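Only one structure is covered here, and it is reproduced in the block below.
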Amino acid sequence: MEKKIFTKPVSAPRMLLLVALAVVLLLADHYTGVFAPARAWLETAARPLYWLGNVPGKVAAWSRANVAGPGGLAVENRQLQAEVLVLKGQLQQLAELGAENVRLRTLLNAQQTTKLRPLMAELIGVSPDPRRHQITINRGEHDGAFVGQAVLDGTGLMGQVVQVSAARAEVLLISDERHAVPVRVAGTDVRAIAEGTGDYRRLRLRHVPPTLEVAVDDLLVTSGLGGHFPAGYPVGRVASVAHDPGQPFVEVAVTPVAELDRSRHLLLVFPEPASESPHGS
Amino acid sequence: MAARGNAALQVAGSVGIALVLSMNGVRSWAQFLMPPMVLLVTLYWVLFGPVLYGLGFAFLVGLLLDLMLGTPAGEYALAFCVTAYLAQLLEHRVRHFTIPYQCLVAGALTLAFQLIMVMFGLIEAGGTLHLAQFYSALGAMLVWPLLVLLLGRLHDRGW
């Protein structure tokens, strides 16, 4: 009978040895990336776990879609039709603006902007560590996902891909403390860097001098500088601007427009070189 | 031998279920209350499981978590190992504690684990320290009785 009668040896040297081993692993992983094959292998092995972990979300989505009843569905259908109509109208305007932009850029002899091809992705996991605003999506190398790729939801920028395996990718959200994105204020074109704060509802602008024109409710969009993110996608709205006269910089708080802690359906953005002809949109 | 295999199956199964539970946890403010389920299950086996499941076991589960979650390899492994060591120091007493006292111990151990992870976070990102990062200790205290009940049932069936 192998029950609780056994006592385990409490060994400090053993613990220290394992801690030392962990430190060696940390350094090896940081400098050599020796664990990449193990991660890839585990990704395949853990697929059923991700699938199982995603079941509650799928059940909730299914019940929302099917348990609503015919009345609820009819209302939802009407709302969606109205939304589609509005979006189609806006799209027509965008097509015209896009064509005009291409003509103007040609006149200015400026470099052609890149067209972007989106690919739908679904959220399949969330990091269990609340310090890390990292999610897992069901697109990977097989779908062409790559490290540094921008990820959007229906309303704005969500984050960027930081790790890719065969069939899934890890996305670092813009609210993570390790994340920063170059932005500009739509309208005034003032440039800044929006950093994550570890709070899903808050970003901050770093090193903003008091002379800069930033006001509450200004929309910040990606500036495209740095090459990681395509330009022009909404990032957030300025929530508050606080200036302490004793400080050299202004504290600017930003509320992200993307639903960082809710969105389940996301878009991966693939840059595609624009065609040579200015009219070939 | 069969008993040992059975135990391994139970341990692996419970760790797997904890992994699934923590992968798609609730988000937003409630996420901070979400207890580290994998850690709690590991601590349960370290405290009440067969002699085989000690520091090495905690280290391996931590490493598995590192590789699965994309954290630097060794981060969770170190935190799990140190927390398991602290648990082992209290092992004899905890076995005789009533459930409310065990909950306090589970909360304290989760707090120690979070402290180590916060330390890693500060080294990595130079970020800020949020009090909310320690709320999971509260979640751990709430979940522990359920965990003891469920895993205890498995345990009592014997191996």
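No lab work stands behind these numbers, since they all come straight from the coordinates. Only a predicted model underlies this, so the values are computations on that prediction, with no experimental measurement involved. When we count neighbours, we look across all protein chains shown, and the Cβ atoms used for this are built from the backbone with ideal geometry, even at glycine.
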Relative to chain B, whose Cα atoms define the longest principal axis, helix B:99-125 and its Cα axis are tilted in degrees, nearest 10, by 40
For segment B:66-81, 3J(HN,Hα) per residue [Karplus equation, 6.51 cos²θ - 1.76 cosθ + 1.60, θ = phi - 60°, Hz, x = Gly/Pro]: 4, 6, 7, 9, x, 7, x, 4, x, 5, 5, 4, 5, 5, 5, 5
Which residues' amide hydrogens lie under 5 Å from the amide hydrogen of A:Q163, considering only partners 5 or more residues apart or on another chain, with H built in the peptide plane? A:E170
Partner chain coverage, peptide B:48-54 - average Cβ within 10 angstrom: 4
Quick one: 3J(HN,Hα) in Hz for segment A:243-251, Karplus 6.51/-1.76/1.60 with θ = phi - 60°, rounded, Gly and Pro as x. 10, 8, x, x, 9, x, 10, 8, 8
What are the residues whose amide H is under 5 Å from the amide H of A:M158, where those residues sit 5 or more places off or on another chain and H is modelled from the backbone? A:V151, A:L152, A:D153
Nearest-20 debye value, segment A:181-281 charge dipole, Cβ charges on Lys, Arg, Asp, Glu: 220
For segment A:180-256, the spread of Cα positions along each principal axis, largest first, Å: 36, 26, 21
Tilt of helix B:37-48 relative to the longest C-alpha principal axis of chain B, in degrees (0 to 90, nearest 10)? 40
Charge dipole (chain A, unit charges on Cβ, about Cα centre) - positive-most of A:N66, A:V171, A:V235: A:N66
Once amide hydrogens are built 1.01 Å from N within the peptide plane, the residues lying 5 or more places from A:V183 or on another chain with amide H under 5 Å from its amide H are A:A192, A:I193, A:A194, A:S223
Quick one: dipole size for chain A, taken about the Cα centre, charges +1 on Lys/Arg Cβ and -1 on Asp/Glu Cβ, in debye to the nearest 20. 860
What's the average, rounded to a whole number, of partner chain beta-carbon atoms within 10 Å of each residue's beta-carbon in A:10-17? 5
In nanometres, the difference between 0.36 nm per residue of separation and the alpha-carbon distance of A:L97 and A:W62 is 8.7 nm
Other chains near A:36-49: what is the mean number of their Cβ atoms within 10 Å of each residue's Cβ? 3
Points 7 angstrom from Cα along the Cβ direction at B:L89 and B:A8: gap in nanometres? 3.2
Could you calculate the FRET efficiency of A:L107 with B:L142 from 1/(1 + (r/R0)^6), where r is the beta carbon distance between them and R0 is 60 Å, rounded to 0.05? 0.35
Residue by residue through segment A:158-167, which ³J(HN,Hα) values in whole Hz follow from phi under the Karplus form 6.51 cos²θ - 1.76 cosθ + 1.60 (θ = phi - 60°), with glycine and proline marked x? 9, x, 9, 6, 10, 8, 10, 10, 4, 10
What do you get for Rg/Rh over chain B if you use C-alpha atoms and the Kirkwood form of Rh? 0.95
Please work out how much length the chain gains when fully extended from A:R237 to A:Y31, using 0.36 nm per residue of separation minus the C-alpha to C-alpha distance, in nm with one decimal. 70.3 nm
Under a 10 Å cutoff between Cα atoms, tell me which one of A:P48, A:P13, A:P118 has the largest fluctuation in the Gaussian network model of chain A. A:P13
Between A:K88 and A:L52, what's the calculated FRET efficiency when r is the beta-carbon distance and R0 is 45 Å? Round to 0.05. 0.70
Cβ-derived FRET efficiency at R0 25 Å, A:T155 paired with A:Q79, nearest 0.05: 0.90
Take peptides A:200-211, A:122-133 and line them up by average Cβ neighbours within 10 Å, highest first, as a rough protection proxy. A:122-133, A:200-211
Rg ratio (alpha-carbon, reference 2.2 N^0.38 Å) - the protein assembly as shown: 1.13
Inter-probe distance in nm under a simple model that places probes 7 Å from Cα toward Cβ, at A:M120 and A:T188: 3.9
